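**Q** This is the structure I have questions about; it appears just below.
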Amino acid sequence: MNRTERFYKIDQMIQEHGSVPFAMFRERLEVSRATIKRDLEYMRNRLNAPIVWDRDARGYRFGEPERLGGQYELPGLWFSSQEIHALLTMQHLLATLEPGGLLGPHIRPLLARLNGLLGTAADTAEEIRKRVKIIAMARRTMAVDNFEKIGSALLRRRRVQISYRSRSKDEVTEREISPQRLVHYRDNWYLDAWCHLRGALRSFAVDAILRAEVIQKAARNVSEKTLDQVLGSGYGIFSGRSVTWAKLKFSPERARWVQSEEWHPRQRGRLLRGGAWLLEVPYSDPRELTMDILKHGREVEVLGPAALRQSVRAELEAAAACYA
């Protein structure tokens, strides 16, 4: 019987008998007195097991949890040390991806539990923070309170009253929305929601939500298929059912990178003679796609459609005029 099996056996015996004498542990587990003591101590200190010695009953039983918020459960024992390290790394990634550590208060208990299960150095999480670095570009700050209200309404299926600043129009509007899903895109959060003001699906930048209040109205539900058709068909964050396919030809040198990149879930790509890469992506609004094309400069050629070629040309001419 290995250590994990003994933990389950100890738990089972206490659950069945209420109070278990030390002699019964030795008989059923068939290990030394010292091993049993170490197992009981590990279960108390690392797994939050509320095991106490009952002097009157002359045995071990479960008492009230000693730690505030302590939670005892055995499934975590199925994790190997490698899996726990992976989970700790993911916890760090989540915390780092969050502007202001939005999920920190909710993840912190998990982090403490994982450190306990690992049973090695106390600074394991700190070591991961030192060894894993995440560089975020163009991340915008937002109100944690708004994010938490939106997340709560999203899961409880409630509507939200928001004050929203449209950066493109530089105006603030009051809207009642039914949240559908949160999207983390290019280091920023967006909320896909049904806008009751416009009577249509919209994608809102969470950092542009100035005020959010959950209201006690049931949210309107939109199917995931419809969300993907309306908000996921085009390129990037821009929505629209009607899409056009862009054809982009990358130089052989740039193709070494681009052929491994995902620009859109429905993209098509193939290697051309000479090593160039032909990438086809759908878009409903050329603005974001134009910006991504311009990043590659002379290493990419827009083969079509003509309107997209014109959009890229116009941006290049405007830039040249600024530096003339």
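Where a number appears in this text, it was derived from the coordinates with a stated rule and is not lab data. This structure is a prediction, so every number in the text was calculated from the model and none was measured. Heads up, the Cβs are rebuilt from the backbone with ideal geometry, glycines too, and the neighbour counts pull from every protein chain shown.
**Q** Among the listed pairs LYS149/LYS217; LYS169/LYS247; LYS133/LYS225, give every one whose C-alpha distance is greater than 25 Å.
**A** Distance filter (> 25 Å) returns LYS169/LYS247; LYS133/LYS225.
**Q** Below 23 Å, Cα to Cα, which lysines can LYS37 reach? Residues fewer than 8 away in the same chain don't count.
**A** LYS9
**Q** Same structure again: Can you figure out the FRET efficiency of VAL172 with ARG46, using R₀ = 45 Å and their beta-carbon distance, to the nearest 0.05?
**A** It comes out at approximately 0.30.
**Q** Could you derive backbone 3J(HN,Hα) for the range 45-57 from the dihedral phi with the Karplus parameters 6.51, -1.76 and 1.60 (θ = phi - 60°), listing whole Hz in sequence and x where the residue is Gly or Pro?
**A** Each residue of the range 45-57 in turn: 7, 9, 10, 6, 6, x, 7, 10, 8, 9, 4, 5, 7 Hz.
**Q** While we're here: Between MET291 and PHE62, what FRET efficiency follows from the Cβ-Cβ distance if R0 is 45 Å, with the result rounded to 0.05?
**A** E between MET291 and PHE62, to the nearest 0.05, is 0.15.
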